[in-house]
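Below is one structure, written out as C-alpha cells; comments come after it.
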Amino acid sequence: TSGDPYVSHPIAVANILSSFKIDEDSLSAAMLHDVIEDCGVPKSVIEAKFNKNVANLVDGVSKLDQLNISSRTEVHAENFQKMILAMSKDIRVIVVKLADRLHNMRTIEFLDKEKQKTKARETLEIYAPLAHRIGMNNVYRELEDRSFKVLYPTRYRRLRTVTKKNRVSQKKFLKKIKRILEKKLVDQGMPAYIEGREKHVYSIYRKMKESRRSFEDIVDIVACKVSVDSPENCYKTLGGIH
C-alpha cells in the first residue's frame, strides 16, 4: 500500500467520476463502493442512510469485485465482458467500477511486481475493452497504456520516446488535415465537429505487432474524428472526404 489513509482511494474514485459530470448517486456510490465487501455494511443500511439507487449501485460494484476474473480458464475475455454487462442492470455500476480500476492502475506501483502484472493483464483483457465498448474512450486509452507500461516496460519506454520525438510534426499534420476538412465541410454546408488526436502508445504497439512492422512503417499514428448529426450526413461527409 501507499501508506495513505484508506479513505483516499474512494475520494480519488469520486474525483475521477466528477470529471465525467456524473450524477450525485454515482458519486455517493463511489465513496461507498467498498463498504459492503470490506466492512460488512448491509445493503439495507446504505439504502436507509442514502437511497435505493445508491444501495443498488454499491451492491452492483461489490458483486463485480467478487468475480474471480484472474482465475478464469476456459472463459474467453470477450465472454467475461458480456457477463459483466449482463450482471450490471445499471450502466453506472460499470462506470464506477472503471473509475475504481483507473485509480488502481494510477497507483499500481505500490503493489509487488507479480500483483502488478496480474492486475495489468486483467485490465488489458477485460476492463480496457469494456471501457471501449461503452464509449469511455479516454479511460480505455489510459487503461491500455498503463497496463502496457507494467507488462512491457522496455517496449513502452522505447515507443514512448519515439512518439514524443514525432509529436511536433504530428500536431502540425493534424492541424493541416483539420483545416482542409473544415473548409470542405463548410463548402458542403455540412454541420460537423472535427476532433484530431494522436494514437496512444499501446494502439501503435498493437498495430506494429499485428502487421509485424517497425514504427517507421506505421503511417496511421494520428486520427481525425468527424461527428455529424445524422446517418445521412455521415454518408455525405464520407463522400466529401473521399
*What helices (runs of 4 or more DSSP H) lie completely within the range 125-242 and have 2 or more residues being under 24 Å from the mean Cα position of the chain (by Cα)?*
128-133, 137-151, 153-165, 167-188, 201-211
*Filter the helices (runs of 4 or more DSSP H) completely within the range 1-51 down to those with at least 2 residues that are in contact (Cβ under 8 Å) with a residue 40 or more places away in the chain.*
8-19, 24-32
*So which residues in the range 159-176 are within 20 Å of Phe148 (Cα to Cα) and β-branched (Val, Ile, Thr)?*
Thr161, Val162, Thr163
_Selection within the range 100-124 - of a type in the set (S, T, N, Q) and in a helix (DSSP H, G or I)_ = Asn104, Gln116, Thr118, Thr123
*Total residues in the range 67-76, condition within 30 Å of Leu27 (Cβ to Cβ) and either open to solvent by less than 80 Å² (accessible area, probe 1.4 Å) or modelled with pLDDT of 80 or more (or both)*: 3
*Is the range 139-151 home to any residue that is of a type outside the set (D, E, K, R) and open to solvent by 40 Å² or more (accessible area, probe 1.4 Å)?*
no
_If Leu111 meets every condition in (1) aliphatic (A, V, I, L, M); (2) closer than 20 Å to Asp38 by Cβ; (3) open to solvent by less than 10 Å² (accessible area, probe 1.4 Å); (4) at pLDDT 90 or above apart from one, which number is that one?_
(3)
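Return the only residue of Arg146, Arg155, Arg179, Arg141 being modelled with pLDDT of 90 or more, within 21 Å of Asp65 (Cβ to Cβ) and not hydroxyl-bearing (Ser, Thr, Tyr).
That would be Arg146, the only listed residue that is modelled with pLDDT of 90 or more, within 21 Å of Asp65 (Cβ to Cβ) and not hydroxyl-bearing (Ser, Thr, Tyr).
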*Do we have any residue at all in the range 216-229 that's open to solvent by 50 Å² or more (accessible area, probe 1.4 Å), over 30 Å from Glu125 (Cβ atoms) and without any contact (Cβ under 8 Å) to a residue 60 or more places away in the chain?*
yes
*Which of the residues belonging to the range 187-209 are open to solvent by 20 Å² or more (accessible area, probe 1.4 Å) and touching a strand residue (DSSP E or B) at 6+ places or on another chain (Cβ under 8 Å)?*
Ala192, Tyr193, Glu195, Gly196, Arg197, Glu198, Lys199
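The values are calculated or read from the model by the stated rules, or taken from the named source; none is laboratory data. This one's a predicted model, so the numbers in the text were calculated from it and none came from an experiment. Don't worry about glycine lacking a Cβ; one is built from the backbone with ideal geometry, like all the others, and counts go over all protein chains shown. The area values use the complete protein model at the heavy-atom level, side chains included, leaving out ligands, DNA and RNA. Shrake-Rupley method; radii C 1.70, N 1.55, O 1.52, S 1.80 Å.
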